[in-house]
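Below is one structure, written out as structure tokens; the observations come after it.
Rule-based calculations on the coordinates, nothing more; no lab input. Computed from a predicted structure; not experimentally measured. FYI the Cβ positions are ideal-geometry reconstructions off the backbone, even for glycines, and counts take in every protein chain you see.
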Amino acid sequence: MERTKLIAAILVFGSLWGFSECIIGSFLRDVNLPAGAIMTSVFAIGLLSYSRLAFRQPGMQAGIGLIAGSLRLFNPFGGCFLCSAIAIMAEGVLFDLIWTGLSVDMKQKQTVTIQTSLGTTITYLVYISGYIITQILTPFVSSAGFHLANLIGFIPNILASGLLAALLGAVTVPVVFAVQHIDIHVTDRLYYPLTYGVSALCWIVVITNTIIIWWL
């Protein structure tokens, strides 16, 4: 695959993920819904798994997470935006490692049962691992001080919170497997304007939203 086409895909998937975290995630938090579990299991896993199935490029999802996390930093609202940015970047790397470790790319066909199991497993592991990494790295980045005893005491809550994400992921991944079979052909003439245009729109909306909120 052309390097420029892969970079454009990483940019657009990362921008879409970051946009959803900033706009939709903030809305879910405002209405007191479990934004973390929903955003990871539906939007993050959905975009990451689709990009992996469509491009089959190890390392791509880590790049997508980096773009999405960077965009999240431009929207300092809705809880700890630094925690969220770190979690997003970690989830991209974790998804990449877990998907590769499970050798999903090597398998041509998978039953719905296997797809469901994959969705449950990968979503749960990505969610709780990202959560734990955030609890470790955020204190160091913010100079708040990391205390292992506090993390250990919080582990049962983290493990329990991943249940909803796993259940939603069990639906998301089979849906992505079904959708990715739809042949959507985009010529190079349209591919780059479309990917760069969508990416730019996501960043413009998020940054504009941030400026408006600061002014209000």
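PRO139 - would you say it is touching a Gly at 6+ places or on another chain (Cβ under 8 Å), free of Cβ contacts under 8 Å to residues at least 60 places away in the same chain and surrounded by 13 or more Cβ atoms within 10 Å (Cβ to Cβ)?
Details: touching a Gly at 6+ places or on another chain (Cβ under 8 Å): yes; free of Cβ contacts under 8 Å to residues at least 60 places away in the same chain: yes; surrounded by 13 or more Cβ atoms within 10 Å (Cβ to Cβ): yes.
For PRO139, the condition - touching a Gly at 6+ places or on another chain (Cβ under 8 Å), free of Cβ contacts under 8 Å to residues at least 60 places away in the same chain and surrounded by 13 or more Cβ atoms within 10 Å (Cβ to Cβ) - is met.
Within the stretch 163-187, count every residue that is in contact (Cβ under 8 Å) with a residue 40 or more places away in the chain and of a type outside the set (Phe, Trp, Tyr). Steps first, please.
Step one: of the stretch 163-187, the residues in contact (Cβ under 8 Å) with a residue 40 or more places away in the chain are 164-177, 179-180.
Within this subset, residues satisfying the condition of being of a type outside the set (Phe, Trp, Tyr) are 164-176, 179-180.
Result for the stretch 163-187: 15.
Hey, which of the helices (runs of 4 or more DSSP H) in the stretch 1-97, taking only ones fully inside, have at least 1 residues that are buried (at least 23 other Cβ atoms within 10 Å of the Cβ) and aliphatic (A, V, I, L, M)?
Values: elements: 3-19, 25-30, 35-38, 45-55, 60-72.
Here the list reads 3-19, 45-55, 60-72.
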